[in-house]
Amino acid sequence: MVHRQFHKRGFGKQLLKFRLQKLRTDFPGVDIMLDTSQHTYRFFERFGFEVEHITPDGYGVGLDRYEMRLN
């Protein structure tokens, strides 16, 4: 996670790219899945993740859980 103060500076993008490359190297052919909220799922969509399921209030009242898979 990147502190809100440092959003829009490319840190999250670089961290995600590093993690994805590491996963692809260490675990080739494995599906990459994550869960996040309605506040951040669009960030992951930019990298090819697609929403598979949404659980309203999945993390608490007003905070939905978005399950995503990289395609």
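What to note about this one:
- Cβ-Cβ under 8 Å pairs, at least 6 apart or on other chains, the range 38-49 side on the phi > 0 side of the Ramachandran plot, far side at pLDDT 95 or above: GLY48/LEU70
- Qualifying positions in the range 15-71 - over 23 Å from HIS3 (Cα atoms), in a strand (DSSP E or B) and small (Gly, Ala, Ser): none
- Members of the range 1-14 found to be part of a loop (DSSP other than H, G, I, E, B) and either touching a residue at least 12 places away in the same chain (Cβ under 8 Å) or among the acidic types (Asp, Glu) (or both), listed by number: VAL2
- Of all residues in the range 26-71, those satisfying the criterion of being aliphatic (A, V, I, L, M) and loosely packed, with under 11 Cβ neighbours inside 10 Å are VAL30, VAL61.
The values are calculated or read from the model by the stated rules, or taken from the named source; none is laboratory data. If you're wondering where the values come from, they're calculated on a predicted model, not measured in any experiment. Note that each Cβ is placed from the backbone with ideal geometry, even for glycine, and that neighbours are counted across all protein chains shown.
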